[in-house]
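A.B. asks: Right, I'll just put the structure down here and ask away after.
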Amino acid sequence: MADGPRYQRIADLLREEIRAGKWEPGDRLPSHNELAEQMQVSITTARNAIQLLVAENLVYTATSRGTIVRSQEVLESVVTNHIRPDRPRAAHDIFSEIARAAGREPSKQFSARMEPASQEVAHWLGVARDEWVVSRTIMQYLDNEPWSWEVSFYPRDLAEATGIDAPRDIPEGTTRRLADRGYAETAHRDT
């Protein structure tokens with residue numbers, strides 16, 4: 001292993017093993033305890049090595065499954081696909097549409113809540129600070145692997161008028177729901 005902190009050297013070794021194909025997408029890496037024992041380092045050092053690979057998006061941690069090697073396959077997505085005028089009507093959102101077209105299996109975890117607008121959210125939405133807004137959070141997965149985490153904010157009156165204040169996923173997607181209710185998206189902000 002090259003010079004540098006031990007956790008960095010362990011991360012370098014695992015990264016090279018992943019790139020060389022020793023660990024395939026979906027494979028479980030050794031646990032922190034197993035890695036610490038194999039490399040004869042502390043659990044903290046092993047954990048820090050894994051965290052470097054998580055930060056690089058090479059692996060992810062799943063509470064019940066451990067550390068899993070990510071697929072490096074790219075899912076092509078054009079940011080304006082969901083507002084294309086010629087997009088066919090469907091009972092599912094653009095994420096599911098793109099995933100299935102690529103032969104991948106999409107799934108989601110969803111939550112919604114009413115909360116007071118922070119100064120930043122109030123500025124984005126043009127509402128008063130601490131005014132109630134709807135926050136919609138969705139974790140999207142491809143083949144049970146985490147793919148994206150999105151939190152979207154909407155003014156309360158708009159959310160209530162369009163039904164996006166519901167505490168569940170909207171199958172056709174919020175953008176299409178808003179457009180169908182007369183509120184076509186013209187811009188959004190990703191941060």
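A.B. asks: Suppose we filter Ala112, Ala187, Ala122, Ala128 for residues that are small (Gly, Ala, Ser) and in contact with a helix residue (DSSP H, G or I) (Cβ under 7 Å, 6 or more places away or on another chain); which single one remains? If you could, list the steps in order and put the result at the bottom.
C.D. replies: Values: Ala112 fails: in contact with a helix residue (DSSP H, G or I) (Cβ under 7 Å, 6 or more places away or on another chain); Ala187 fails: in contact with a helix residue (DSSP H, G or I) (Cβ under 7 Å, 6 or more places away or on another chain); Ala122 fails: in contact with a helix residue (DSSP H, G or I) (Cβ under 7 Å, 6 or more places away or on another chain).
Of Ala112, Ala187, Ala122, Ala128, the one residue that is small (Gly, Ala, Ser) and in contact with a helix residue (DSSP H, G or I) (Cβ under 7 Å, 6 or more places away or on another chain) is Ala128.
Matching residues to (1) in a loop (DSSP other than H, G, I, E, B); (2) modelled with pLDDT of 90 or more; (3) over 13 Å from Tyr154 (Cα atoms):
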| residue | (1), (2), (3) |
| --- | --- |
| Pro88 | yes, no, yes |
| Ile98 | no, no, yes |
| Arg104 | yes, no, yes |
| Trp124 | no, yes, no |
| Arg129 | yes, yes, yes |
| Val134 | no, yes, no |
| Ile138 | no, no, yes |
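A.B. asks: Of the conditions (1) modelled with pLDDT of 90 or more; (2) exposed (fewer than 12 other Cβ atoms within 10 Å of the Cβ); (3) not aliphatic (A, V, I, L, M), Asn57 satisfies every one except a single condition; which number is it?
C.D. replies: So Asn57 meets the others, but not (1).
A.B. asks: Looking at segment 5-13, is at least one residue surrounded by fewer than 11 Cβ atoms within 10 Å (Cβ to Cβ) and either more than 30 Å from Glu172 (Cβ to Cβ) or at pLDDT below 80 (or both)?
C.D. replies: Here is the first cut: in segment 5-13, the residues surrounded by fewer than 11 Cβ atoms within 10 Å (Cβ to Cβ) are none.
No, there is no match, as no residue in segment 5-13 is surrounded by fewer than 11 Cβ atoms within 10 Å (Cβ to Cβ) and either more than 30 Å from Glu172 (Cβ to Cβ) or at pLDDT below 80 (or both).
A.B. asks: Please go through segment 171-191 and pick out each residue that is modelled with pLDDT of 85 or more and part of a loop (DSSP other than H, G, I, E, B).
C.D. replies: Selection gives Arg181, Gly182, Tyr183, Ala184.
The values are calculated or read from the model by the stated rules, or taken from the named source; none is laboratory data. None of the values given here were measured: they were computed from a predicted structure. Neighbour counts are summed over all protein chains in view; Cβ atoms, including those assigned to glycine, are modelled from backbone coordinates with ideal geometry.
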